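Please treat every number below as a calculation from the coordinates, not as lab data. All values derive from a computational prediction rather than experimental measurement. Cβ coordinates were reconstructed from backbone atoms using ideal geometry, including for glycine residues, and neighbour counts include every protein chain displayed.
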Amino acid sequence: MTEDEPGLHDEGQIATAGGAAAVNTPDSQPGLGRSWWSLAYLLPALFLLAVVVLYPILYTVVRSLFDANGSNFVGLENYGDMFTDPATLISIRNNAIWVVVAPVVVTTLGLIFAVLTERIRWASVFKLLVFMPMAISFVAAGIIFRLVYQADPDQGVANALIVSVHDIFAESSAYPGAGPREEAELSSVDGGFESTATYGVGDSVALGLVGFAPGDVSPDAVPASEPAAGDALQGVVWLDFAVGGGGEEGAIDNDELGLPGVVVQAVQDGTVAASTETGPDGAFVFEGLADGDYTLALPRDNFREPFNGLDWLGPALITPAISGSYVWIWAGFAMVLIAAGLAAIPRDALEAARVDGATETQVFRRVTMPLLAPVLVVVLVTLVINVLKVFDLVYIIAPGSVQDDASVLALQMYRVSFGGADDQGLGSSLSVLLFLLVLPAMAFNIRRFRREQS
């Protein structure tokens, strides 16, 4: 090799494995070229990010500093109005309830379901059923639960179940809403009725009631008849209403039905001395009653309105009711993520704990839970972010009359901006508040992902 011939050690010449040489001068910088190519590929995404995300955020912040129509700069006035507006304060309170309750309940149910699926047969079918609501849009789920929470037990599934269970332990009253005519000698007492006159042994009393449809009387009922005189206090309770009209008020006419199953009490000096129940023709008899003066009472249990369930869509229960629909939808999401975390736990650690004599409860509490904690935190934080933005379910399920009681920040922002108030300034300030509330949870998740990848 001569001095004119370049050697392998010469600057700028690199020998390849195949023997070929590539010249790399100090001026050439392949890394910089690759950076420009990478930037060129990223430009469309960066442009979309700026247009779709960054610009709306900045514009919303600026817009929140102007009045309703955007013509006058008002500074922080919208933020002051926001924290003094009762409707907004209710929305903040409801959002706080959502954040505290819903993610915890969903994560807990997801954990329970994930553990169960490891121990039951047909686990795949169970997971499919629990996860299936995730395939339903929030609008469709809202419509479903609006029907589920209907007040009428014949239409709402929730009240139908509650009424069925209630009626097992407490029977409905026989004649809800029934009562005497105004001129009858019966006065209202504590939801029931008591005679204004007194009676003794050997008297016969006719107690007529109205306000109850003949078609709703027990099928065992037969036409009533005037009680015959006897040596006991007796009488009849009948429906003082003739089908088709006619008849005489306060008198037992042909084909007027007796009311069976009515509890009648003989009261003396404020104490119930005896109690009996009417037969198919409405007749009742007090046997073995001591001499004296008695008033006849029909207790309120005869006329109590039937239990029709809870007012799920009322002001008191609307937020828990909507939260229940959210739990129904998202429990499957939590179950799938937690089940994946359980599957990733080393079985050797669990078996070692069992070999050392730990019970299943101790294994779960001291081994499984610590190893599963990162997954639970991710699920919980993700749900917190999602709950802060909840809108569809509240808007669909809550009737217009209780939307003020069920409102959350996202719904309040929509109502203020587009729901009639047309106050874009206040609506923008609500958007900024919601964005600031979501930021800490998002930052926590990002930091956690980076820490796990490092």
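Ranked by how many other Cβ atoms sit within 10 Å of their own Cβ, fewest first, the residues Leu430, Leu383, Leu65 fall in the order Leu65, Leu383, Leu430.
Dipole orientation for region 296-454: of the candidates Val327, Leu393, Ala349, Ala349 has the Cα lying most toward the positive pole (charges on Cβ; Lys, Arg +1; Asp, Glu -1). Dividing the C-alpha radius of gyration of region 186-302 by 2.2 N^0.38 Å, with N its residue count, gives 1.02. Here's how it looks for Ala273: its modeled amide H is under 5 Å from those of Ala266, Val267, Gln268, which are all 5 or more places away or on a different chain.
The reciprocal of the average 1/r between distinct C-alpha atoms defines the Kirkwood hydrodynamic radius, which for region 189-256 equals 13.5 Å. Using only the C-alpha atoms, the convex hull of the chain corresponds to 324 Å³ per residue. Couplings 3J(HN,Hα) of region 128-145, computed from phi: 4, 5, 6, 7, 3, x, 5, 7, 9, 5, 4, 5, 5, 5, x, 5, 4, 6 Hz, in residue order, whole Hz [Karplus 6.51 cos²θ - 1.76 cosθ + 1.60, θ = phi - 60°; x for Gly and Pro]. Here the scattering of region 328-454 is modelled by Debye summation over its C-alpha atoms, one equal scatterer each and no solvent; at q = 0.15, 0.18, 0.23 Å⁻¹ the log10 of I(q)/I(0) is -0.85, -1.02, -1.28.
Plugging the Kirkwood radius over Cα pairs into Stokes-Einstein for region 76-128, at a temperature of 37 °C and a viscosity of 0.692 mPa s, what D comes out in µm²/s? Stokes-Einstein gives a translational diffusion coefficient of 232 µm²/s.
From the Kirkwood radius over Cα pairs of region 145-194, Stokes-Einstein at 4 °C and 1.567 mPa s returns a whole-number translational diffusion coefficient of 96 µm²/s. By the compact-protein rule of thumb, 2.2 N^0.38 Å, the alpha-carbon radius of gyration of region 30-156 corresponds to a ratio of 1.76. Give me the angle, in degrees from 0 to 90, between the Cα long axis of helix 157-169 and the longest principal axis of the Cα atoms of the chain, rounded to the nearest 10. Orientation of helix 157-169: about 40 degrees from the principal axis.
Note down the net charge around Trp312, summing +1 for each Lys or Arg and -1 for each Asp or Glu among other residues with Cβ under 12 Å from its Cβ. That sum, taken over residues with Cβ under 12 Å, equals -1.
Test of understanding: ordering Glu171, Glu182, Glu277 by Cβ neighbours within 10 Å, fewest first, what list do you get? Ascending number of Cβ neighbours within 10 Å: Glu182, Glu171, Glu277. Highest mean packing comes first when the peptides 75-82, 39-46 are listed by Cβ atoms within 10 Å, giving 75-82, 39-46.
Applying both filters, DSSP loop and at most 16 other Cβ atoms within 10 Å, to the trypsin sites (Lys or Arg not before Pro) of region 121-220 gives Arg121, Arg181.
Comparing region 120-235 with the 2.2 N^0.38 Å rule of thumb, its C-alpha radius of gyration ratio is 1.90 (two decimals).
Using C-alpha pairs below 8 Å separated by at least 6 residues, the relative contact order for region 186-302 is 32 percent.
Across region 95-188, the fraction of Cα-Cα pairs farther apart than 18 Å, rounded to a whole number, is 73%.
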